[in-house]
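Here's the structure, in structure tokens; my notes come after.
The values are calculated or read from the model by the stated rules, or taken from the named source; none is laboratory data. As the structure is a computational prediction, the values presented were derived from the model and not from experiment. Cβ: placed from backbone, ideal geometry, glycine included. Neighbour counts: every protein chain shown.
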């Protein structure tokens, strides 16, 4: 028998070492005889291509037949999202925590944590439900119906912090800059709207809730346009493109993946790219994970598990952004037929763990909101809103 060569995509992560060792043992046992042996090939993650003598024979997990005449066996992870998963979850999972989200790119930390089992490995069970409005999410956290949100925009969190003082704390966060952003203002491809100035007197759509209304008002102020000069129309997050096509509004202020989907389908053109950074501040503080104070007090161990899981997700997104993107179609309305094109051109936030965010800019944004009439009461010190603040 010739020399057996066992190869894998070595730059990827998977639990294949034990399989390779087992295979060598089997082949040594078969050496010098014509017997064939069936073995099970499994990997973490699943879906790796299994090649025997350069011929594709299966995808993992699979049962394959081998003999002593095999010269080459390889595992190829080209079509798989490659993520190292901790193997042994903590035993503590007596309670289920509830989180709500919108089907948008911003919620990628939650999607990664769910998809990769980061909650389970930190001893936490999570029930994730899709919401129609970020307003409903903050109301759910304050009322005790929800335990946390992986992503909520500061444009909602500032007024909520004034209205419900001490009811929640901020943890992992995100910001936008010239390279990392998800927001754009788009119009139908045949629209006469081609610049910010053309938005005056027009109807502008946003997805339902205070978040995008406040973001749009802040951007308009930065453009030198009084928000009263436009009419803001709210619509469900999943119906934004349909509303633009049907003429419910003249332009749409939105985020990814909605913008990329509309562009790739030939429906829309970009009027203003990255308006938050261009017209509010750079870098722009966008979102923060929000955990209820009730959870932090009643179940600090469970809350710590939630926070650790989200931070693991942030680490993965920042180190493997292209692989993290592949999870989005499971949770967002990206059409399957154009998913690859949407993801290829999709930009992401710059995500940070608690203590890594630019709190000076968070404070500046809170001041901007107050000084421009978008916040009734000034937030004197944003540090008090973060989970690491000690009285």
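Taken over the range 236-265, the criterion of being touching a residue at least 40 places away in the same chain (Cβ under 8 Å), within 20 Å of the chain's Cα centre (by Cα) and over 11 Å from residue 203 (Cα atoms) is satisfied by 236, 237, 238, 254, 255, 256, 257, 258, 259, 260, 261, 262.
Across the range 364-378, what is the number of residues that are within 28 Å of the chain's Cα centre (by Cα) and more than 17 Å from residue 279 (Cα to Cα)? Number of matching residues: 1.
If I ask for residues that are part of a helix (DSSP H, G or I) and crowded, with 24+ Cβ neighbours inside 10 Å, which ones from the range 261-274 would you list? Of everything in the range 261-274, just one residue is part of a helix (DSSP H, G or I) and crowded, with 24+ Cβ neighbours inside 10 Å, namely 262. Can you pull out every residue in the range 244-260 that is out of contact with any helix residue (DSSP H, G or I) (no Cβ under 9 Å at 6 or more places or on another chain) and either assigned to a loop (DSSP other than H, G, I, E, B) or crowded, with 19+ Cβ neighbours inside 10 Å (or both)? Scanning the range 244-260 gives 247, 259. Looking for whichever is in a strand (DSSP E or B), in contact with a helix residue (DSSP H, G or I) (Cβ under 7 Å, 6 or more places away or on another chain) and within 20 Å of residue 287 (Cα to Cα) here; the options are 351, 389. Which one fits? Just one listed residue meets the conditions, 351. Selection within the range 208-232: residues that are more than 17 Å from residue 277 (Cα to Cα) and at pLDDT 95 or above. The member of this set that is nearest to the chain's Cα centre (by Cα) is 232. Report whether or not residue 243 is assigned by TED's automatic domain parsing to the domain that holds residue 255, modelled with pLDDT of 95 or more and over 28 Å from residue 378 (Cβ atoms). Criteria met by residue 243. For the range 146-186, filtered to residues that are farther than 26 Å from residue 240 by Cβ and surrounded by fewer than 21 Cβ atoms within 10 Å (Cβ to Cβ), the residue that is nearest to the chain's Cα centre (by Cα) is 167. Among residues of the range 138-149 that are on the phi > 0 side of the Ramachandran plot and in the same structural domain as residue 302 (by TED's automatic domain parsing), those with a beta-carbon under 8 Å from a residue that is in a helix (DSSP H, G or I) and surrounded by fewer than 24 Cβ atoms within 10 Å (Cβ to Cβ) at least six positions away or on a different chain give the pairs 144/294. Residues that are closer than 20 Å to residue 157 by Cβ, out of contact with any helix residue (DSSP H, G or I) (no Cβ under 7 Å at 6 or more places or on another chain) and assigned by TED's automatic domain parsing to the domain that holds residue 111 do occur in the range 310-321.
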